[in-house]
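One structure is given here, and the rest of the page talks about it.
The values are calculated or read from the model by the stated rules, or taken from the named source; none is laboratory data. All of these numbers come straight from a predicted model, not from anything done at the bench. Here the Cβ positions follow ideal geometry from the backbone for every residue, glycine too, while neighbour counts run over all protein chains shown. Keep in mind that these areas ignore ligands, DNA and RNA; they rest on the heavy atoms of the full protein, side chains included. Shrake-Rupley method; radii C 1.70, N 1.55, O 1.52, S 1.80 Å.
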Amino acid sequence: MRALKIKNVKKSFGGVDILKGIDIEVEPGQFLILVGPSGCGKSTLMNLIAGLETVTSGEIVIGDRVVNDVPPKDRDIAMVFQSYALYPNMNVKKNITFGMEMRNVDKDEQEKILERVSKMLQIEHLLDRKPSQLSGGQRQRVAMGRALARDPGLFLFDEPLSNLDAKLRVEMRTEIKLLHQRTKTTVVYVTHDQIEAMTLGDRIAVMKDGHIQQFGTPHEIYDNPANMFVAGFIGSPSMNFIPTRIVAAEGGLGAEILHGEQNWIFPLQDPQGKLQAWVGKDVILGVRPEQFTAAEDDEPSYDCKVDIIEPTGPDTLVFVHLNGKEVVCRVHPKKAKHPGEIQRLTVDLTKAVVFDPKTEARIL
Ligand SMILES: Nc1ncnc2c1ncn2[C@@H]1O[C@H](COP(=O)(O)OP(=O)(O)O)[C@@H](O)[C@H]1O
Ligand SMILES: [Mg+2]
């Protein structure tokens with residue numbers, strides 16, 4: 001396992017800046033997730049780490065070596081990318097063992113590794129087939145097997161599960177996590193899947209437009225998003241963004257919610273006085289769906305008319321409107337009302353966040 005340092009890395013293609021100064025440090029054995037919308041530069045960054053493209057400026061350090069000029073094969077990495085090129089004329093078994101043969105790995109050891117990875121990836125029955133006789137998902141697993149048969153200093157995965165069906169995807173996610181716990185190899189893993197990002201990563205880097213928006217643990221990113229983009233991107237369903245105004249309330253400040261004839265104030269805790277300058281001004285209040293739940297019978301409540309409901313199994317998503325904005329609430333199925341009925345809601349504002357509506361920067 002090796003450390004990875006990306007120092008002020010920029011990349012442009014034909015004068016267009018794609019990566020605009022990326023800084024990331026991954027400690028040996030960490031699992032780094034890169035997330036961000038399509039086109040933000042994730043694969044470009046992976047290609048730079050792998051050495052398939054050269055940086056326009058900046059440095060990439062793997063272990064204690066600057067690798068800017070080191071060819072891919074000498075970087076001590078194994079990669080599984082979206083376009084997983086298998087050797088078309090070799091069968092699955094050979095695709096997986098070929099690298100080991102080249103490295104003169106002992107035959108018995110090769111067999112052991114082949115057995116282990118093909119079992120893990122559920123491709124034991126495919127070992128004699130050629131890549132052309134496989135589905136997309138099967139090919140992806142073989143590419144994964146080929147990478148896992150190595151013992152590299154760094155694994156690079158670029159959306160390796162994107163072609164798999166839901167069930168296999170979840171199984172593979174668990175396998176990757178187990179693999180990482182066992183081997184403690186440093187991993188950089190690209191995904192646009194929320195759950196993969198939250199469950200697999202020790203660290204998450206959220207990218208947008210060639211910049212890192214936030215770098216932190218899954219918890220930090222989820223509970224303490226740096227700005228509105230990160231807050232909206234991580235978490236499913238997304239954080240609710242409610243347009244509101246900061247007003248003085250009993251014993252502090254609150255967010256004003258005008259609801260029909262009623263005028264509610266959601267009290268906000270602001271020990272550092274960050275909202276003081278915003279009294280009387282418009283802001284965006286960010287509240288995650290699970291912070292809106294059904295009120296107990298004897299509890300004060302905010303009563304809202306239900307627009308639609310979406311049962312997910314363990315809980316039901318109840319959609320209401322607050323300040324003219326659709327708001328998703330995560331309610332226990334037994335407590336969920338039907339469309340047109342009144343849902344008695346309570347809100348936990350201890351984790352509420354507040355954004356500047358113009359810059360989308362975090363205020364509270
Ligand atoms: N070889 C290339 N030549 C020109 N533009 C490229 C090249 N590779 C990527 N790009 C552009 O860089 C941007 C980021 O692409 P990419 O890194 O693949 O995004 P992501 O993986 O986050 O979806 C896109 O606008 C893409 O068109
Ligand atoms: Mg990509």
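Structure notes:
- Of the trypsin sites (Lys or Arg not before Pro) found in the range 279-353, those that fall in a DSSP loop while having at most 16 other beta-carbon atoms within 10 Å are LYS281, LYS351.
- Gained length - THR359 relative to LYS177, 0.36 nm times residue gap less alpha-carbon distance: 61.8 nm
- The chain, dipole about Cα centre (Lys/Arg Cβ +1, Asp/Glu Cβ -1), debye to the nearest 20: 1260
- Kirkwood hydrodynamic radius of the range 240-355, from inverse mean 1/r over distinct Cα pairs, in Å: 14.6
- For the range 4-233, the per residue solvent-accessible surface stands at 46 Å², with DNA, RNA and ligands left out and a 1.4 Å probe.
- Straight-distance crosslink candidates among lysines, where the alpha carbon sits under 17 Å from LYS5 and sequence neighbours closer than 8 are dropped: LYS20, LYS42
- Qualifying aspartates and glutamates (Cα of each under 18 Å from Cα of LYS334; at least 8 residues distant if same chain): GLU290, GLU296, ASP297, ASP298, GLU299, ASP303, ASP307, GLU310, ASP315
- Sites GLN262 and GLU290, calculated FRET efficiency, Cβ-Cβ separation with R0 22 Å, nearest 0.05: 0.35
- Calculated FRET efficiency for the pair LEU317/LYS130, C-beta based, R₀ 56 Å, to 0.05: 0.80
- With protein chains left intact and a 1.4 Å probe, residues in the range 240-355 average 53 Å² of accessible area per residue.
- For HIS259, residues with placed amide H under 5 Å, excluding near neighbours: TRP264
- Rounded if a/c under 1.5, otherwise prolate or oblate - the range 1-71, Cα gyration tensor axes: oblate
- Entries in LYS208/LYS274; LYS305/LYS337; LYS94/LYS119; LYS93/LYS130; LYS305/LYS335 that, when Cα-Cα distance is taken, lie over 18 Å: LYS208/LYS274
- Separation between Cα centres of the range 288-322 and the range 139-206, rounded to whole Å: 35
- Applying both filters, DSSP loop and at most 10 other Cβ atoms within 10 Å, to the GluC sites (Glu not before Pro) of the range 219-258 gives GLU250.
- Trypsin sites (Lys or Arg not before Pro) restricted to DSSP loop in the range 76-144 with at most 13 other C-beta within 10 Å: ARG103
- Separation in nanometres of the label points that stand 7 Å from Cα toward Cβ, at ASP297 and HIS192: 4.8
- Measuring r between the beta carbons of ASN104 and THR54 and using R0 = 35 Å, the FRET efficiency lands at 0.70.
- Dipole axis of the range 4-233 (+1 Lys, Arg; -1 Asp, Glu on Cβ), positive-most option in GLN133, ASN68, ILE204: GLN133
- Taking the chain and dividing mean pair separation by its residue count, relative contact order in percent (alpha carbons under 8 Å, at least six apart): 15
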